[in-house]
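Engineer: Have a look at the structure that comes next, please.
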Amino acid sequence: MIVILKHNAPEEKIYAFCRELEAMGFQINDSVGSDTHILGLIGDTKALSESWLLANPIVDSCRRVSEPYKKANRKFHPDDTVVEVGGVKVGGGHFAVMAGPCSVESEAQITGVARRVQAAGASILRGGAFKPRTSPYSFQGLRAEGLELLNKAKATTGQPIVTELMDSVHIPLFLREGVDMIQIGARNMQNFELLKAVGRTDRPVLLKRGLSATLEELVMSAEYIMAAGNPNVILCERGIRTFENSMRNTLDISAVPMLKKMTHLPVIIDPSHAAGIAFMVPSLAAAAVAAGADGLMIEVHNDPAHAKSDGAQSLTPDQFDSLMATLKPEVEFFGKALN
Ligand code: PEP
Ligand code: MN
């Protein structure tokens, strides 16, 4: 249920009304916009009568909402949320590019790629240390050493780092190593205990859409993180499974405008995992900007032919340079600022 308060409703009346609603068992999501004050009532509102609410002189109108997500719902929070990742703003007109290798492989590799992607205009460095691989015999990542190497790269370029967490036992390590944003990968999008655990941290979370997840399921997973106390969630569309098999996945570009309608959270696109093939990445990145995305996550490797994971979809630093050169004017054309 959303309750829209009258313009100029006295503060003490609002305060008393909120306490009364809380005493009835509702949690209140208070959203003060430039000219509207909205209360989102979270809880079982089935028995709450609209006429009782409207009888209060400070209430302008009220509306039942059927969506099961409240904290992530744009109806309760009309303005775009801006998430800060180690000082880099994402959302609300700020467009951020996160780039780097699929996996951290060595100090020279991660530091070299970090320098190149930063020079090209990426503001956040990505790199996997704990890797979710289909086969247990494939490279599993450098794990704790990978985090140390990410930090060495960060010390060189100053870029914030984003890396995937697969198990909540590693949260203290991630916090100690100064991971700026915790990535929850597609395969863990509905690992609800993991979502609750990152929801209890103070780090922004990059939540990737599950391989066969609906948009409502994605937003419900964001709701888990937010309900545990962490409001800083960025959603990432990274391609979904369809009957089409020419690409690794199918980029669901319509996810961007739909998610923007459903939620106030920033939405980014990962064209690399969507395509699975490097040549397609620049076109999908351009489509993401045009569709209204708030950023991109792109895999870049110094030597894709010898990458330990996802070489086929990785751009070389030179290819990334040309992608960024065409992207910059496009981002501005669509009214956003590239961070
Ligand atoms: C990744 O970003 O390297 C990754 C494994 O992504 P996803 O979870 O989208 O497959
Ligand atoms: Mn990858």
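Engineer: With a 1.4 Å probe and all protein chains kept in place, how do 89, 46, 260 rank by accessible area, largest first? Present the calculation step by step, with values, prior to reporting the outcome.
Structural biologist: Details: 89 80, 46 160, 260 40 Å².
I get 46, 89, 260, largest accessible area first.
Engineer: If one takes the longest principal axis of the Cα atoms in the chain, at what angle in degrees, from 0 to 90 and to the nearest 10, does the Cα axis of helix 215-227 lie?
Structural biologist: Orientation of helix 215-227: about 70 degrees from the principal axis.
Engineer: Report the gain in length on full extension from residue 242 to residue 9: 0.36 nm times residue separation, minus Cα-Cα distance, nm rounded to one decimal. Don't skip to the answer; put the middle values down first.
Structural biologist: Working: separation 233, 0.36 × 233 = 83.88 nm, distance 5.09 nm.
Result: 78.8 nm gained on full extension.
Engineer: In degrees between 0 and 90, to the nearest 10, how far off the longest principal axis of the chain does helix 144-157 point, with axes built from Cα atoms?
Structural biologist: 90 degrees
Engineer: In whole angstrom, how long is each semi-axis of the equivalent ellipsoid of region 155-269, when you take the square root of 5 times every eigenvalue of its Cα gyration tensor and sort them from largest down?
Structural biologist: Working: eigenvalues 116, 52, 38 Å².
Values for region 155-269, descending: 24, 16, 14 Å.
Engineer: Calculate the length of the line joining the C-alpha centroid of region 290-339 to that of region 149-186, in whole Å.
Structural biologist: Between the Cα centre of region 290-339 and that of region 149-186, the gap is 21 Å.
Engineer: For the chain, build the convex hull from the C-alpha positions and give me its volume per residue in Å³.
Structural biologist: Values: hull volume 47.8 nm³, N = 339.
It comes to 141 Å³ per residue, whole-number rounded.
Engineer: A follow-up question, please. Just to be sure I understand the model, the point goes 7 Å from the Cα along the line to the Cβ. What's the resulting residue 119 to residue 52 distance in nm?
Structural biologist: Label-label distance for residue 119 and residue 52, simple model: 6.6 nm.
Engineer: Moving on. Quick one: of 75/336; 13/336; 71/152, which pairs are farther than 28 Å apart, Cα to Cα?
Structural biologist: 13/336; 71/152
Engineer: Here is a further query. Between residue 167 and residue 67, what's the calculated FRET efficiency when r is the beta-carbon distance and R0 is 25 Å? Round to 0.05.
Structural biologist: That pair, residue 167 with residue 67, gives E of 0.25.
Engineer: Shifting gears a bit: Could you state the accessible area per residue of the chain in Å², with a 1.4 Å probe and every protein chain left in place?
Structural biologist: Working: 14320 Å² over 339 residues.
Result: 42 Å² per residue.
Engineer: In percent, what relative contact order does the chain have, based on Cα pairs under 8 Å that are 6 or more apart in sequence?
Structural biologist: Numbers: 719 pairs, mean separation 57.3, N = 339.
Taking the mean separation of contacting Cα pairs over the length of the chain, I get 17 percent.
Engineer: Please give the helix 11-23 orientation as an angle from the longest Cα principal axis of the chain, in degrees from 0 to 90, rounded to the nearest 10.
Structural biologist: Taking the Cα atoms of the chain, the angle to 11-23 is about 80 degrees.
Engineer: Given the convex hull over the Cα atoms of region 281-339, what projected area results after averaging over all orientations, in nm²? Display every interim value, and only then the final one.
Structural biologist: Values: hull surface 16.3 nm².
Dividing the Cα hull surface by four gives the mean projection, 4.1 nm².
Engineer: For the pair residue 326 and residue 138, how long in nm is the line joining their label points, each one 7 Å along Cα→Cβ?
Structural biologist: 2.8 nm
Engineer: What part of the accessible area of the chain, given as a whole %, is carbon or sulfur when the probe is 1.4 angstrom?
Structural biologist: It is 53 percent, rounded to a whole number.
Engineer: Also, I was wondering about something else. Once you compute Rg and the Kirkwood Rh from C-alpha atoms, what is the Rg to Rh ratio for region 4-80?
Structural biologist: We get a ratio of 0.92 for region 4-80.
Engineer: Continuing with this model, one more query. Regarding region 90-150, what is the average projected area of its C-alpha convex hull, in nm²? List each step's numbers first, then the result.
Structural biologist: Working: hull surface 20.0 nm².
Across all orientations, region 90-150 yields a mean hull projection of 5.0 nm².
Engineer: Which values of log₁₀ I(q)/I(0), to two decimal places, follow from the Debye formula for region 20-166 at q = 0.09, 0.17 Å⁻¹ with a uniform point scatterer at every Cα?
Structural biologist: Normalising to I(0) and taking log10 leaves -0.51, -0.91.
Engineer: Starting from the eigenvalues of the Cα gyration tensor, five times each then square-rooted, give me the equivalent ellipsoid semi-axes of region 99-238, largest first, whole Å. All intermediate terms of the calculation are to be shown ahead of the outcome.
Structural biologist: Working: eigenvalues 119, 51, 42 Å².
With the √(5λ) rule applied to region 99-238, the semi-axes are 24, 16, 15 Å.
Engineer: For region 232-318, what's the radius of gyration and Dmax over Cα atoms, in angstrom?
Structural biologist: 13.2, 41
Engineer: Helix-only estimate, please: 222 nm mean residue ellipticity of the chain, summing -39500 (n - 2.57) across DSSP H runs of length 4 or more and dividing by its residues, to the nearest 500. Walk me through the numbers before you get to the answer.
Structural biologist: Values: 11 runs with 114 residues, N = 339.
Result for the chain: -10000 deg cm²/dmol, rounded to the nearest 500.
The values are calculated or read from the model by the stated rules, or taken from the named source; none is laboratory data. These numbers were taken from a predicted model, which means no experiment stands behind them. Here Cβ is always computed from backbone atoms with ideal geometry, including for glycine, and neighbour counts include all displayed protein chains. Calculation scope for accessible area: heavy atoms of the full protein, side chains included, ligands and nucleic acids excluded. Shrake-Rupley method; radii C 1.70, N 1.55, O 1.52, S 1.80 Å.
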